[in-house]
Amino acid sequence: MRWTIQNPPEPQQVDALKSALNVDTITATLLLQRGIQTYEQARVFFKPDWSDLHDPFLMKDMDLAVARIERAIESGEHILVFGDYDVDGTTAVALMSSYLKTRTSQVDTYIPDRYAEGYGISYQGIDYADDNNCSLIIALDCGIKSIDHVAYAAERNIDFIICDHHKPGAEIPKAVAVLNPKREDCAYPYDELCGCGVGFKLIQALAQRQGESVQELRPYLDLVATAIAADIVPMTGENRILAKFGLEVINSHPRPGIQAMTQNLKKKKLTITDVVFVIAPRINAAGRIKHGNEAVALLTEYDLDQAEFFASEIEKHNTDRKELDQQITADALLQIQKNHEQNRMTTVVYDPSWHKGVIGIVASRLTETYYRPTIVFTKSGDKLAASARSVKDFDLYQALEACSAHLEQFGGHMYAAGMTLLEENYAAFKEAFETEVQKTILPEMREPEIEVDLEINLDEITPKLFRILQQFEPFGPKNRTPVFLTHGLVDNGFAKKIGQDQTHLRLSVKQNGSQAFGAVGFGLGDKLLLVENKQRFDAVYCIDENEFNGQVSLQLRIKDIRN
């Protein structure tokens, strides 16, 4: 693992922020590293207010979208709410449809089938709208490149409103309104919203036109927070405000569907981490194993007993998903070893029997194992379909563009993508991708990196510091959990491997006679040799709490160790 310590802010900046906020050096440094330079920015960071959300009408086409929806409601038109089958898409559909149903009964939802229709707006979905007399489709988390689909709908007198956050192409679809803060001609102040976040801005605008305050939309924010966490968008600006308020809803008055998924957790307070690892996989499992409609049904159900039934069905899908991804990952690792491909710059694997719903997860697992750009293919109809994952700082999308002559279609972004190709082009693509990555990947991108915020001594770790760090939540990209480095640590002599398979490490550490801190290193069992016999070592870690026999104490959650 490569340890990269962030460049420290200028001392005068640290001193100025310390004085303005009456905080210590560690807190001031962490805030400056997150772009917080003034009292007002710190106020929004720690104590956001509803008034800190931007006016939704600053987004291009928002006025057109609101006018078209209001006209549809007034004239009793049938509205179809369309969204992708992942967490961002299904939460967005649940949000938009449940809000619109407070204004009109003429609302239907549509989630494309992952296998029969694939990602994004589908002709089958438009045909469904036509067959059911829907004259307006609101598409969420997709549609920014659906030029032909929007034209197809127009031929059937069906209007489109697109709410998307993916990067637009050279041409914008000819929809009634295209809401996307990443449009070059959109001056909206924040362009990192997820698809559900863009949907929220639309219902905020609709509510505003009705004379309602944004606070009245609070019950929808559990959905928005779930999408923000699952879609791994930056935890900055409006995302951080919406996630913070949304977590409060999840912990106080969650919708029955979310309550049903989390009620067996023995935790007083759920965090973004719980959303990422507990709620999101279950919502995703519906679309991966069965159909995304089940996730929408769960998230829009208001009867707790019925929600618990839906949640139990989705739990079964999630169990199936886990078994599938474990088996396929094992198969893929065996394929790499059999083909002697451990030393390539890329991982590209294929088996026609692999389940399309989990190949993205398998690609992530293989990336963790070999730490290189990874693509997992399976058979899908008469073509091969794939999910791809990248490593830090390597532009996967750009590499795929360079190999696009071998592909039927592809889409995605820097770190994740999907694609299809003809089976006869698989071998040529695999070699072209390897060649392109060899040419463009930098040596430092081939080694996993731990980003360290700053170096501290153990005696600087106090309950007060931990309380302040907790206020940095919710954590996510561009506001990750602070990581510290401490030199010259010594274990008390009782370090040991723990866990069922002895892969974790438990220790108690001191530095120059300081107070001892309990520490745990998940997956670091093989580092025991570095800390035995009172050897001095360095560690990078986060600070968290450990509860044992009713006693709560601070502990170090170690990420890596070296002598």
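The values are calculated or read from the model by the stated rules, or taken from the named source; none is laboratory data. It should be emphasised that the depicted structure is a prediction, and the values quoted were computed from it without experimental measurement. Here the Cβ positions follow ideal geometry from the backbone for every residue, glycine too, while neighbour counts run over all protein chains shown. Accessible surface is based on the protein model in full, side chains and every heavy atom, while ligands, DNA and RNA are left aside. Shrake-Rupley method; radii C 1.70, N 1.55, O 1.52, S 1.80 Å.
For residues in the range 238-265 being in a helix (DSSP H, G or I) and touching a Pro at 6+ places or on another chain (Cβ under 8 Å), which is most open to solvent (accessible area, probe 1.4 Å)?
Ranking the qualifying residues of the range 238-265, first place goes to 244.
Which one of the conditions (1) open to solvent by less than 70 Å² (accessible area, probe 1.4 Å); (2) without any contact (Cβ under 8 Å) to a residue 60 or more places away in the chain does residue 466 fail to meet, given that it meets all the rest?
Exception for residue 466: condition (2).
Applying the selection to the range 202-221, what residues are closer than 27 Å to residue 274 by Cβ and in a loop (DSSP other than H, G, I, E, B)?
none
Counting only residues that are outside any strand (DSSP E or B) and of a type in the set (A, V, I, L, M, F, W, C), which one in the range 178-189 is least open to solvent (accessible area, probe 1.4 Å)?
In this case the residue turns out to be 186.
When you scan the range 45-66, do you find a residue that is farther than 25 Å from residue 244 by Cα, modelled with pLDDT of 95 or more and among the aromatic types (Phe, Trp, Tyr), even just one?
no
Of the numbered conditions (1) at positive phi; (2) without any contact (Cβ under 8 Å) to a residue 24 or more places away in the chain, residue 371 satisfies every one except a single condition; which is it?
The number of the failed condition is (2).
So, in the range 132-147, exactly how many residues are over 29 Å from the mean Cα position of the chain (by Cα) and surrounded by fewer than 24 Cβ atoms within 10 Å (Cβ to Cβ)?
4
Out of the residues in the range 72-82 that are in a helix (DSSP H, G or I) and in contact with a Leu (Cβ under 9 Å, 6 or more places away or on another chain), which is most open to solvent (accessible area, probe 1.4 Å)?
Per the criteria, the residue is 73.
With the checklist (1) among the β-branched types (Val, Ile, Thr); (2) within 28 Å of residue 560 (Cβ to Cβ); (3) under 20 Å from the mean Cα position of the chain (by Cα); (4) surrounded by 19 or more Cβ atoms within 10 Å (Cβ to Cβ) in hand, flag the one item residue 450 doesn't pass.
Among (1) among the β-branched types (Val, Ile, Thr); (2) within 28 Å of residue 560 (Cβ to Cβ); (3) under 20 Å from the mean Cα position of the chain (by Cα); (4) surrounded by 19 or more Cβ atoms within 10 Å (Cβ to Cβ), residue 450 violates only (4).
Among the candidates 224, 278, single out the residue that is in contact with a helix residue (DSSP H, G or I) (Cβ under 9 Å, 6 or more places away or on another chain), open to solvent by less than 10 Å² (accessible area, probe 1.4 Å) and part of a helix (DSSP H, G or I).
Answer to the selection: 224.
Taking the range 99-118, which residues are small (Gly, Ala, Ser) and either in contact with a strand residue (DSSP E or B) (Cβ under 9 Å, 6 or more places away or on another chain) or surrounded by 16 or more Cβ atoms within 10 Å (Cβ to Cβ) (or both)?
118
Out of the helices (runs of 4 or more DSSP H) lying entirely within the range 1-53, which hold 2 or more residues that are of a type in the set (Phe, Trp, Tyr)?
Helices (runs of 4 or more DSSP H) meeting the threshold: 39-46.
Please enumerate the residues belonging to the range 534-557 that are without any contact (Cβ under 8 Å) to a residue 12 or more places away in the chain and not β-branched (Val, Ile, Thr).
Hits for the range 534-557 are 547, 548, 549, 550, 551.
Here is a yes/no grid of residues against (1) within 16 Å of residue 486 (Cβ to Cβ); (2) surrounded by 13 or more Cβ atoms within 10 Å (Cβ to Cβ); (3) of a type outside the set (A, V, I, L, M):
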site: 530; (1), (2), (3): yes, yes, no
site: 533; (1), (2), (3): no, no, yes
site: 542; (1), (2), (3): yes, yes, yes
site: 552; (1), (2), (3): no, no, no
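Suppose the filter is crowded, with 24+ Cβ neighbours inside 10 Å, more than 18 Å from the chain's Cα centre (by Cα) and modelled with pLDDT of 95 or more; does residue 214 pass it?
no
Sort out which residues of the range 491-547 are under 32 Å from the mean Cα position of the chain (by Cα), assigned to a loop (DSSP other than H, G, I, E, B) and not hydroxyl-bearing (Ser, Thr, Tyr), and write them in order of number.
Those that are under 32 Å from the mean Cα position of the chain (by Cα), assigned to a loop (DSSP other than H, G, I, E, B) and not hydroxyl-bearing (Ser, Thr, Tyr): 499, 500, 501, 502, 522, 523, 524.
How many residues are under 22 Å from residue 382 (Cα atoms) and either free of Cβ contacts under 8 Å to residues at least 24 places away in the same chain or in contact with an Asp or Glu (Cβ under 6 Å, 6 or more places away or on another chain) (or both) if we restrict to the range 406-430?
Residues in the range 406-430 being under 22 Å from residue 382 (Cα atoms) and either free of Cβ contacts under 8 Å to residues at least 24 places away in the same chain or in contact with an Asp or Glu (Cβ under 6 Å, 6 or more places away or on another chain) (or both): 9 in total.
So residue 442 fits all but one of (1) open to solvent by 60 Å² or more (accessible area, probe 1.4 Å); (2) in contact with a Ser or Thr (Cβ under 7 Å, 6 or more places away or on another chain); (3) hydrophobic (A, V, I, L, M, F, W, C); what number is the exception?
(2)
Identify all residues within the range 312-356 that are under 19 Å from residue 412 (Cβ atoms), open to solvent by less than 20 Å² (accessible area, probe 1.4 Å) and of a type outside the set (A, V, I, L, M, F, W, C); write none if there are none.
346, 347
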